[in-house]
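Undergrad: Following this message is one structure expressed as structure tokens.
Computed from the coordinates by the stated procedures, all read-outs in this text should not be read as laboratory data. Worth saying up front: this structure is predicted, and the values here are computed from it rather than measured. Positions of Cβ are generated from backbone atoms using ideal geometry, with glycine treated the same way; all protein chains shown enter the neighbour counts.
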Amino acid sequence: MDLSNLKPAKGSVKARKRIGRGQGSGKGGTSTRGHKGAQQRSGYERKLGFEGGQMPLQRRVPKYGFTNRNRVEYKAINIGTLQNLAEKLNADKIDIPTLLSAGLISKNDLVKILAKGELNRKLEVHAHAFSKKAIEAIEAKNGTVVKI
């Protein structure tokens, strides 16, 4: 056996369809596109969601609900999480860069501190928003709340 004898496996290579090369080929005339209609013409591009003329799903299903364009999304962090982070880092001040480096928030997140969990130490907490109970819990341990 040598390189001159190599051939692809039987049935693995198909001849391509030669479309539009005369009637004798069996694929002349309409070039396998059928007669008339958008799909037969050049430049045809099916619309997104087109279902062959059937009413598309996005038009069949009714619209509902409301999206408030002025809504402000906060990343919620509980004081229990702050307690764990403060113990781990042995810190008495927790601010946005600290939360970023701990992987709790992303670069552009706004942070809101919530009151779930226990706080056992005095902390200075910097965030964009606080719940009333979170403020009470932090100040009960003589900590300070700083709104950014």
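Undergrad: Between the DSSP loop rule and a limit of at most 16 other Cβ atoms within 10 Å, which trypsin sites (Lys or Arg not before Pro) in the stretch 45-148 are left? Working shown, then result.
TA: Details: sites: Arg46, Lys47, Arg59, Arg60, Lys63, Arg69, Arg71, Lys75, Lys88, Lys93, Lys107, Lys112, Lys116, Arg121, Lys122, Lys132, Lys133, Lys141, Lys147; in loops: Arg46, Lys47, Lys63, Arg69, Arg71, Lys107, Lys116, Arg121, Lys122, Lys141.
Taking the stretch 45-148 and a limit of 16 other Cβ atoms within 10 Å, the loop trypsin sites (Lys or Arg not before Pro) found are Arg46, Lys47, Lys63, Arg69, Arg71, Lys107, Lys116, Arg121, Lys122, Lys141.
Undergrad: Given a cut-off of under 8 Å on Cα pairs at least six residues apart, what relative contact order in percent is computed for the stretch 12-148?
TA: Taking the mean separation of contacting Cα pairs over the length of the stretch 12-148, I get 16 percent.
Undergrad: Another question, then. Is the stretch 20-95 rounded, prolate or oblate when judged by the Cα gyration tensor, a ≥ b ≥ c being the square roots of its eigenvalues, rounded requiring a/c under 1.5 and prolate requiring a/b larger than b/c?
TA: Here the stretch 20-95 falls in the prolate category.
Undergrad: Taking 0.36 nm per intervening residue step and subtracting the Cα-Cα distance, what contour gain separates Gln40 from Leu89 on full extension?
TA: Contour length minus the Cα-Cα distance gives 10.8 nm.
Undergrad: In addition: Which of rounded, prolate, oblate describes the stretch 74-147, given a ≥ b ≥ c as roots of the alpha-carbon gyration tensor eigenvalues and a/c under 1.5 marking rounded, otherwise prolate only if a/b is larger than b/c?
TA: Note, shape of the stretch 74-147 comes out oblate.
Undergrad: I've got another one for you. Could you please report the charge total around Ala91, scoring K, R as +1 and D, E as -1 over all other residues with beta-carbon less than 10 angstrom from its beta-carbon?
TA: Counting the neighbours of Ala91, the net charge comes to -1.
Undergrad: Using only the alpha-carbon atoms of the chain, report the extent along each of the three principal axes, biggest first, to the nearest angstrom.
TA: That works out to 93, 60, 22 Å along the principal axes.
Undergrad: Under a cut-off of 18 Å between alpha-carbon atoms, report the aspartates and glutamates in cross-link reach of Lys107, not counting same-chain residues fewer than 8 places apart.
TA: Straight-line reach from Lys107, under 18 Å: Glu73, Asp95.
Undergrad: Counting other C-beta atoms within 10 Å, and keeping those with at most 13, which DSSP coil GluC sites (Glu not before Pro) do you find in the stretch 11-120?
TA: Filter output for the stretch 11-120: Glu45, Glu73, Glu118.
Undergrad: State the answer as a single residue: which of Leu89, Leu99, His128 lies farthest towards the positive end of the charge dipole of the stretch 74-147, with beta carbon charges of +1 for Lys and Arg and -1 for Asp and Glu, about the Cα centre.
TA: Selected residue: His128.
Undergrad: Tell me the mean residue ellipticity at 222 nm calculated for the chain from its helices only (DSSP H runs of n ≥ 4, each -39500 (n - 2.57), averaged over every residue, nearest 500).
TA: -5500 deg cm²/dmol
Undergrad: Which of the lysines could be linked to Lys93 by a straight reach, that is with a Cα gap under 18 Å, when you skip same-chain ones fewer than 8 residues away?
TA: Those lysines meeting the cut-off are Lys112, Lys122, Lys141, Lys147.
Undergrad: For the chain, give the magnitude of the charge dipole about the Cα centre (Cβ charges: +1 Lys/Arg, -1 Asp/Glu; no others), in debye to the nearest 20. Intermediate results must be reported in sequence, preceding the final value.
TA: Working: 30 positive and 12 negative charges, 349 e Å.
Charge dipole of the chain: 1680 debye, to the nearest 20.
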